[in-house]
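Worksheet: one structure, shown below.
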Amino acid sequence: MIFFGHRFIENENFYHISSIEAILNTPPSSTLYIEFSEMNLDIINHAALNSMSIAIYAQNITQVVYASSLSASYIVVPRDLAKSAQNVAENYLFDAKILVLIEEEDEIEELALLGLDGTIFPNAIIKINS
């Protein structure tokens, strides 16, 4: 299980962007955090075409499948979608890791027992302005 934003385990941060221009304000080789929406497809496609690491926030299984097809390295999902997203990822052999957005450490045990790839705490997501 991988952890982002956990107080015991140092790992990379994700940089939440809402425009292609905002990429210029992120560190080199950073992972871009992009919420899936049709309005953000230009950002997602730009990042994918430039071989950038992408974490896509998906709110339903259709978006999870799209995120995988759009070359996401990580697919971030809410807790209620966790097991279904992980099952789809395993069934279709996604390259992307499924991460669950959590608030509290006591959520980790249940997610580990469900076989989730990892967790991400909100403090690992840094908002970048254009």
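Every number in this text was worked out from the coordinates using simple rules, so none of it is lab data. Small disclaimer: the values here were computed from a predicted structure and weren't measured. Virtual Cβ from ideal backbone geometry, glycine too; neighbours counted across all protein chains shown.
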(message) Being in contact with a Pro (Cβ under 8 Å, 6 or more places away or on another chain), part of a loop (DSSP other than H, G, I, E, B) and surrounded by 18 or more Cβ atoms within 10 Å (Cβ to Cβ) is the filter here; which residues of the stretch 1-60 pass it?
(response) Gly5
(request) Kindly indicate whether any position in the stretch 113-121 is of a type in the set (Val, Ile, Thr) and either within 21 Å of Thr31 (Cα to Cα) or free of Cβ contacts under 8 Å to residues at least 40 places away in the same chain (or both). (result) yes
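Let's see how each residue does on (1) under 20 Å from Phe3 (Cα atoms); (2) β-branched (Val, Ile, Thr); (3) in a loop (DSSP other than H, G, I, E, B):
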| residue | (1), (2), (3) |
| --- | --- |
| Ala72 | yes, no, yes |
| Ile75 | yes, yes, no |
| Asn87 | yes, no, no |
| Leu93 | no, no, yes |
| Asp106 | yes, no, no |
| Gly115 | yes, no, yes |
(message) Scan the stretch 82-98 and tell me whether some residue there is among the acidic types (Asp, Glu), more than 20 Å from Leu113 (Cα to Cα) and in contact with a helix residue (DSSP H, G or I) (Cβ under 8 Å, 6 or more places away or on another chain).
(response) yes
(request) Any chance you could count how many residues in the stretch 117-127 are assigned to a loop (DSSP other than H, G, I, E, B) and buried (at least 19 other Cβ atoms within 10 Å of the Cβ)? (result) 1
(request) Test Ala67 against the criterion of being buried (at least 20 other Cβ atoms within 10 Å of the Cβ), free of Cβ contacts under 8 Å to residues at least 60 places away in the same chain, within 17 Å of His16 (Cα to Cα) and not β-branched (Val, Ile, Thr), and give yes or no. (result) yes
(request) Provide a single number: the residues in the stretch 95-104 that are assigned to a loop (DSSP other than H, G, I, E, B), closer than 19 Å to Gly5 by Cβ and either in contact with a Gly (Cβ under 6 Å, 6 or more places away or on another chain) or not aliphatic (A, V, I, L, M) (or both). (result) 2
